[in-house]
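Data first, discussion second: the structure below is written as structure tokens.
The values are calculated or read from the model by the stated rules, or taken from the named source; none is laboratory data. Quantities reported herein were computed from a predicted structural model and do not represent experimental measurements. Counting neighbours? That spans all protein chains shown, and the Cβs are built from the backbone with ideal geometry, glycine included. Calculation scope for accessible area: heavy atoms of the full protein, side chains included, ligands and nucleic acids excluded. Shrake-Rupley method; radii C 1.70, N 1.55, O 1.52, S 1.80 Å.
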Amino acid sequence: MSWLEDPSVQRWQLAFTNALQRRIEVEQLKAPLKELMRKDVLSGEAIAKVLLGLRANKPGFDDPLLFKYVRLLLSEDYVGTGDLLLVLLSSSKSSPDSAQMKVCASGLPSCEERIFLLLAELHHTGSLPIDPAQIHRTTHAVTRWLHTIYDREYNAQLEAAGAHSLDTFMYGTYEALASLAISIFGQQSFRAVGDHAWWKTRRAAVVREMRNYDVHVLQWMQSQWTGRLQALTTLPPFVEMGEDGRPLLTHDQVMMSLAQDGAIPAAHSRAGLYVWLNTCLCGRPATDDMNMLGYLQTRYNGDNQTLVVQLLHASFDVLTDALLRSQPAHDVKVIRSFICNKVPLLLATLGSFMGSVMLETCIQTAFISIAMDPIPPISAGSMEATEMLKRTRLEFLQACALHSVTSESTIGLILQEPPLGMPKLTKYTKQGLLSQCTANIGRLEALTTELQGMQGNAGAVCLCIVELIGGLCASRDTMSLKTACNILIKHIRNMDIVMQYTRPDTLLLPLCMLLKDWVHDQDQSEFTPAYEEFASVLLFTLAVVHRYGLTSEDLGVAGMGNIVFEILGETPRGTSLSDLNPEQNQQLAKWLDGLFATDDQGETSGISDDVMRQCPPQAFYMLVPTLFEQSVMACKSGHLSLSTLKSGLELLLEPFLLPSLVGGLGWLVSHSWEDHNDVDILLQILDKLLRPSSSSTETQAMHRAVLAMIAEPLERSLQDLLRKRPDKTVAQGMTALLRKYAGATRTCSSDRATVTDWVASGDIGRELRSSVKELTSWAANVTPTPPPRYQPRMLPAACELLGIRSVVEALSTAMREMPLPLTAIVLDVCTSMVCAPSLVSHALRQQLALEASNTQTLLEKSVGEATALVRLQHSVEAQLVVHQLQMPLAVPPQQSTDQMMADLGLASEAAAAADVALIDSAVPALQMTDAEIDAALEQPMQLADTTAQGMPIVNSGDMQSGQVQDFFNELGMPMDQQVMPLQQMLPQSRAMSMSDPNADEDIFAGLDMTGGDMGEMEDDFNFG
């Protein structure tokens, strides 16, 4: 017997049909249905099948009364959620057996959407609690629906190769299903499902379908529910439980949960950029264009107006900090040069995107919040600090005018004075200066001196120097290169300014490769000139590498055996004669003979060409420590007189051999003062080599460069000698001489005295946390105040003293200790500390990533600790995204109207042609469309990163039964005019043969009812 031939089914169907025809309200239907259920028991699935069999043929035209009856059946527990959903799925065009989706062309909600919303409302409000006996069936039904929709849409996407678009009429249905799933799975009572044995084998399948639906349906259609189902999978009971009853979370689940718990809006605080820029200018400047603009565009995500304002704030904040901390004059000059020479160039580049009008407005806005009197007038040094800040502001504005960033009228407004007459300055270009230096290398002398200026031309000079060095190396014009290196050696401190515009490898890699591949021609007539050229190039390279503490990895020559790093890399030690190969033994013998061979009058004869012919300069410098060792041993044993030794070593003070003192004096530093009984000999050697007699300016500059490299370790060695042998008073004069050259390096490492002070304070970690708090409080203060005294070298020192892990913990602790309103600011401060280029930044980022990726470690921490750690890691990752930023050239000054038209892309052809004519022909114009600019400045939206901000909430106020609308009346089809025949109400495939009922007959009389159970479900959850 077929299902429709069952008398009980027919009576239920007849009851619902007559109720719909007579428009019987729900309250009137309760009693007849109760009697019907007593006499003619049907399962919940059968009842749902009968009622849903009365749905309309056309989607969206279902009788609103039908859904009121559904609500009644659910509330009276005649039908369960699982029963209704499974029957709905079997009769829906969304089912796998359906050839196509049933589309509601009228735009009205489909039957599926209305039932989903109805169920979501009842479950969310608690009107329909989850029955433990029904939880298996309910879970299965919801999961089957999720799988069916996902499977259909995902396959359609694959078949259409990405061209598949969602039917807009199905949008509401898919979102309603998501709200239903969340209202059921998100209930606290649903967690009881974890106590059921079947859940252990079915949990993974349910989680998989929830994620698939979220990612491939909700995210694809950009639904407001995106991420909510995935968020639920990170909570019990969807996470696997261990034997101890604790959830076994995957790394992604832990990170997602913590990210949602700790999600806060990004803050671009004044303190954050101040920290980053302060670190960039602390040691070797890390302010080349790509580093600066790449980081700034990532930080501000294309918000160039905020970028300009905060860049000027940070620049003057760094200068103010240096003045308040009484930094050395040279350090202040480097910062001022950055402000007056570098920043105008950056603004000119940004002006190409912003337009001159907006750029000038941003500059005016910035100076409103920059205090020129950072400390009270009566304080010590207040007048000097104020004067320096005002002077720097004026020089900066004049440099901006030189680069067409600001006008004279704008400068007058900023200074609150009548427009000043701008000094008549010539704007340098790199190409023009390069042509001058190529024609006359001596021109470099004057240009290097001009690097001290604040007129805005330092950038062109620096770029000229870098390109000139690279070109001379490429052409192997070693004579001109020698002259250039000697000039730069005399002004080695000015390399701090050059490094603001380039990277170390750009400048030094050509020099390192030239030294490595230096050709030693044994057939040439003279060898002294070649040795002189090699010496100048080598000494300049050594001086720059030493000044900034560079490594072979920094220059890209690691593992290549470069002579520069072989000299500086390790403490020079002599090689025993037995370890030298025959060629090296022969070369050493010739050098010893050349240095110490004397004539009849006892005078050394000097280095002959024959000595240098057989020994390339690279080989000589590698022999120097051994040469010193053998010479001292010969003197101590009486085979060489002290006067001859001193006279011979004095030859090393000649320019063509002078860099050998780096290795020679380095050997002396490593040599023990006690074990060899040669203290007096070594002191005599030092006295001769530390005080050259030459009056040549070039030689003196080279000698100063050597002492700058060796002064600190040699002074410590002499101090050690004086502690052990106080009678050697001659060493005191040498230490005083060497002390003048202390501090010749510019790295992020702290000097010994500063580290000693931090150690004496008891806890440098506490000092670090205090610094974070001061920076955060300062950034939160809306009143312009001087910046706190931040020391960028504290972070590397803390890493050295405490360890990287302890520093990460200190930063995490500082974040947790700040009040909630300051959370975003303190996160920005700590992020800037980690991202700022320093000796330990890479190690800090690695440690942070390691701890944030260790799921077990995160679970062992408190929620506050883990959240702070994940917040910091995510923030650091976001600020380290590499931007492939194109570098447009600066826009020349225009009339205001033309400029605004150009900004809008509406410039006339004549105006555009005039603009192009003003561009310096030496710099190729970069053509960029608006789309390309947007692509360069903005990050693409990552939908996969979308996460829920909290537990989902279904708005029950939108779904009350009293608000269900009569869609038939809206269509102009009032139900009281004519009753639709039953055969037209039923789907054609399910039309029943039954006699027409009498209009006056009581259709609910004489019904026979018996009891029965709901039956068991054998369905599986594996939908693959």
Checklist entry - Got at least one residue in the range 836-858 being of a type in the set (A, V, I, L, M), in contact with a Gly (Cβ under 6 Å, 6 or more places away or on another chain) and either part of a helix (DSSP H, G or I) or at pLDDT 90 or above (or both)? => result no
Item to check | Every pair of residues 6+ apart whose Cβ atoms lie under 7 Å, when the first sits in the range 835-856 and is more than 18 Å from M292 (Cα to Cα) and open to solvent by less than 20 Å² (accessible area, probe 1.4 Å) while the second is at pLDDT 90 or above and not in a helix (DSSP H, G or I) | outcome: none
Next on the checklist: Given the condition touching a residue at least 24 places away in the same chain (Cβ under 8 Å) and more than 37 Å from the chain's Cα centre (by Cα), answer yes or no: does some residue in the range 556-564 qualify?
Outcome noted: no
Checklist entry - If you take the residues in the range 78-133 that are open to solvent by less than 20 Å² (accessible area, probe 1.4 Å) and of a type in the set (S, T, N, Q), which one is modelled with the lowest pLDDT? => result S94
Checklist entry - Does any residue in the range 324-345 that is within 21 Å of H491 (Cβ to Cβ) come within less than 6 Å, Cβ to Cβ, of a residue that is among the polar types (S, T, N, Q) and in a loop (DSSP other than H, G, I, E, B) six or more places away or on a different chain, and which pairs are these? => result F338/Q500; K342/Q500
Checklist entry - Which pairs have Cβ atoms under 6 Å, sit 6 or more apart or on different chains, and link a residue in the range 373-393 that is closer than 15 Å to L415 by Cβ to one that is surrounded by 12 or more Cβ atoms within 10 Å (Cβ to Cβ) and modelled with pLDDT under 90? => result T386/M372; T386/D373; L389/M372; K390/M372
Next on the checklist: Can you pull out every residue in the range 277-290 that is over 11 Å from A836 (Cα atoms) and part of a helix (DSSP H, G or I)?
Outcome noted: D289, M290
Item to check | Residues of the range 518-537 satisfying the condition of being hydrophobic (A, V, I, L, M, F, W, C), under 28 Å from T697 (Cβ atoms) and under 52 Å from the mean Cα position of the chain (by Cα) | outcome: W518, A530, F534, A535, V537
Checklist entry - How about the range 514-558: which of its residues are hydroxyl-bearing (S, T, Y), open to solvent by 50 Å² or more (accessible area, probe 1.4 Å) and either within 15 Å of Y621 (Cβ to Cβ) or part of a helix (DSSP H, G or I) (or both)? => result none
Checklist entry - Would you call L42 buried (at least 21 other Cβ atoms within 10 Å of the Cβ), modelled with pLDDT under 90, closer than 28 Å to L177 by Cα and of a type in the set (A, V, I, L, M)? => result yes
Checklist outcome for this item: Checked the range 328-344 for anything of a type outside the set (S, T, Y) and crowded, with 20+ Cβ neighbours inside 10 Å; matches are V334, I335, R336, F338, I339, C340, N341, K342, V343, P344
Checklist entry - Among the residues of the range 724-768, how many are open to solvent by 60 Å² or more (accessible area, probe 1.4 Å) and of a type outside the set (G, A, S)? => result 16
Checklist entry - Can you tell me which residues in the range 423-462 are in a helix (DSSP H, G or I), under 21 Å from Q398 (Cα atoms) and open to solvent by 50 Å² or more (accessible area, probe 1.4 Å)? => result K430, T449, E450
Next on the checklist: On the basis of being surrounded by fewer than 20 Cβ atoms within 10 Å (Cβ to Cβ) and under 17 Å from Y531 (Cβ atoms), does L657 make the cut?
Outcome noted: no
Item to check | Lone unmet requirement of (1) in contact (Cβ under 8 Å) with a residue 40 or more places away in the chain; (2) of a type in the set (S, T, N, Q); (3) open to solvent by less than 30 Å² (accessible area, probe 1.4 Å) for N291 | outcome: (3)
Checklist outcome for this item: Residues in the range 19-32 that are in contact (Cβ under 8 Å) with a residue 60 or more places away in the chain and touching an Asp or Glu at 6+ places or on another chain (Cβ under 9 Å) total 2
Next on the checklist: within 20 Å of G453 (Cα to Cα) and modelled with pLDDT under 90: is that true of P374 in this structure?
Outcome noted: no
Checklist entry - Does D321 count as open to solvent by less than 10 Å² (accessible area, probe 1.4 Å) and either assigned to a loop (DSSP other than H, G, I, E, B) or in contact with a Pro (Cβ under 9 Å, 6 or more places away or on another chain) (or both)? => result yes
Checklist entry - Within the bounds of the range 143-152, is there any residue that is part of a loop (DSSP other than H, G, I, E, B) and either in contact (Cβ under 8 Å) with a residue 60 or more places away in the chain or surrounded by fewer than 18 Cβ atoms within 10 Å (Cβ to Cβ) (or both)? => result no
Next on the checklist: So for the range 382-389 (the condition being part of a loop (DSSP other than H, G, I, E, B) and either touching a Phe, Trp or Tyr at 6+ places or on another chain (Cβ under 6 Å) or farther than 27 Å from D496 by Cα (or both)), does at least one residue qualify?
Outcome noted: no
Checklist entry - Given the residues H136, H216, which is the only one that is modelled with pLDDT of 90 or more and not aliphatic (A, V, I, L, M)? => result H136
Next on the checklist: Testing Y501 on (1) crowded, with 20+ Cβ neighbours inside 10 Å; (2) assigned to a helix (DSSP H, G or I); (3) of a type in the set (S, T, Y), one condition comes back false. Which one is that?
Outcome noted: (2)
Item to check | Flag if T506 is assigned to a helix (DSSP H, G or I) and open to solvent by 10 Å² or more (accessible area, probe 1.4 Å) | outcome: yes
Checklist entry - Pick from the range 559-568 the residues that are more than 17 Å from P510 (Cβ to Cβ) and not in a helix (DSSP H, G or I): which of them is most open to solvent (accessible area, probe 1.4 Å)? => result G559
Next on the checklist: Between a residue in the range 33-44 that is over 14 Å from A19 (Cβ atoms) and any residue that is part of a helix (DSSP H, G or I) and open to solvent by 40 Å² or more (accessible area, probe 1.4 Å), which pairs come within a Cβ distance under 8 Å, given they are 6 or more apart or on different chains?
Outcome noted: D40/P7; D40/R11
Checklist entry - Yes or no: S717 within 23 Å of G743 (Cβ to Cβ), of a type in the set (S, T, N, Q) and open to solvent by less than 20 Å² (accessible area, probe 1.4 Å)? => result yes
Checklist entry - Within the range 7-18, is there a residue that is small (G, A, S), open to solvent by 10 Å² or more (accessible area, probe 1.4 Å) and either modelled with pLDDT of 90 or more or in a loop (DSSP other than H, G, I, E, B) (or both)? => result no
